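The values are calculated or read from the model by the stated rules, or taken from the named source; none is laboratory data. From a predicted model like this one, the values you see are computed outputs, not experimental measurements. Backbone-built Cβ (ideal geometry, glycine too); neighbour counts: all protein chains shown. With ligands, DNA and RNA removed, areas are computed over all heavy atoms of the protein, side chains included. Shrake-Rupley method; radii C 1.70, N 1.55, O 1.52, S 1.80 Å.
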Amino acid sequence: MRPSEIWYFLRHTDLPPANELPDWCVKVNVFSAARRIFTTSPRSIEIPEPLWARFLPTALFLLFVSRVARFFTGTPRLTVSYALENNEAAQALFGNSSVPRTIRSAFVWVLGIVVTPMLDRIAFGSSGAARTYGTIRTFRVKERTTITALPSRPSAQCNETRTSEPPSALFVGGLEFRKGIQHVMDAWEVVESELSEARITIIGSGPLQEPVETWAARRPQSRSYLGQVPYAQLSAHYDAGHVLIAPSVRDGRWREQIGLQLRESLARGLTVVASDETGLADWLRENGHRVVPVTQLSKELPHAVVDGLLRPLEPSAVRASLPEIDGRVAADSWLHR
């Protein structure tokens, strides 16, 4: 997505050391970011989405600065945003706080009025995100599109069929309530009773790591917990599996937007069994994957997993359903065209 500058405010674990960052990756604070808007004369600037609650004050300030800069300098000609949030707007902003519903609704209404004249284009990364912003009646950015944030179709073919026997399921993610690991363990005990030869591999770490380790150790013949696996080694585990289980549930402000593990597993041709909380739920249903209503996870998840293990989609068909261009790259091209 070059040429561009990427500005970052805080270092996170996904950033390499500072001396390894390219010169177009620039550390800023809110004031130096505002100064760069004026001094670097960007053709367009992309501001994080309005429903990112923690960043909202900074986003509003930078949107305002961009409009002022356009008035005085003529640049940036475009101010755009990329949106993935698919939680209810008020819930995404306020979570489980005690703010009264009327104040929440009023704030969302005013936010739409404030943001609309400062934003030229917005691209939604899922149909769920498009629905969320569609519920904000005062949010009327005219240039908008939905480009599902799917990975691009692999150019080099992976295994056309799964060679691993017996049927194998995979969970990749944080071992925490919101990622649904407890639902996975509960469902798998039912799966074992219906499909005794099935195997599950759990990869990840988090606050529920100890109970997961204990649970896996009870039946090592059908359960394997590997802990945190180096990223470079994940592809081998995807290639060995038939089904990815991803039963995420809402937790305060958080609702699964896309899920990196969903993108990675689709690129490797796995069948996905997910809850309907992910922003990809519509696409998954349309393409033959199993989507379980979050209210029915306890009842329906085990059967969806068994069905996926017995009748997985052909890996070649899963990959063929993916776009030629990565959804995020396509959205970037549309936003900054």
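Accessible area per residue for the chain, computed on protein heavy atoms with a 1.4 Å probe, is 49 Å².
Classify region 182-250 as rounded, prolate or oblate from the Cα gyration tensor: take a ≥ b ≥ c as the square roots of its eigenvalues, call it rounded if a/c is under 1.5, otherwise prolate when a/b beats b/c and oblate if not. Because its axes are fairly even, with a/c under 1.5, region 182-250 counts as rounded. Sequence-distant contacts, meaning Cα pairs under 8 Å at least 6 residues apart, place the relative contact order of the chain at 18 percent. Positive contributions from Lys and Arg (+1) and negative ones from Asp and Glu (-1), summed over other residues with Cβ under 12 Å from the Cβ of residue 47, come out at -1.
In the chain, the longest principal axis of the Cα atoms and the axis of helix 30-39 are about 60 degrees apart.
Accessible surface for residue 307 stands near 40 Å², nearest 10, in the context of the full protein assembly shown (1.4 Å probe).
Hey, what did region 181-337 get for relative contact order, percent, Cα under 8 Å, at least 6 apart? Computed value for region 181-337: 22 percent relative contact order. Show me the GluC sites (Glu not before Pro) within region 181-287 that DSSP assigns to loop and that have at most 13 other Cβ atoms within 10 Å of their Cβ. Counting only loop positions with at most 13 other Cβ atoms within 10 Å, the GluC sites (Glu not before Pro) in region 181-287 are 197.
How many percent of the accessible area of region 32-73 is carbon or sulfur, using a 1.4 Å probe?
Carbon-and-sulfur percentage of accessible area, whole number: 64.
Can you send over the carbon and sulfur percentage of the accessible area for region 181-267, probe radius 1.4 Å, protein chains only?
Solvent-exposed carbon and sulfur of region 181-267 make up 49 percent of the total.
The antiparallel fraction among DSSP beta bridges confined to the chain stands at about 5%.
When only alpha carbons of the chain are considered, Rg and Dmax amount to 21.7, 70 Å.
Across all directions, the shadow cast by the convex hull of region 57-207 built on its C-alpha atoms averages 14.4 square nanometres. Pairwise inverse Cα distances across region 275-332, averaged and inverted, put the Kirkwood hydrodynamic radius at 12.9 Å. Taking Cβ atoms as reference points and 15 Å as the exclusive limit, the residues near residue 135 contribute a net charge of +4, counting Lys and Arg as +1 and Asp and Glu as -1.
Here region 39-146 has an Rg and Dmax of 14.1, 43 Å, counting Cα atoms alone.
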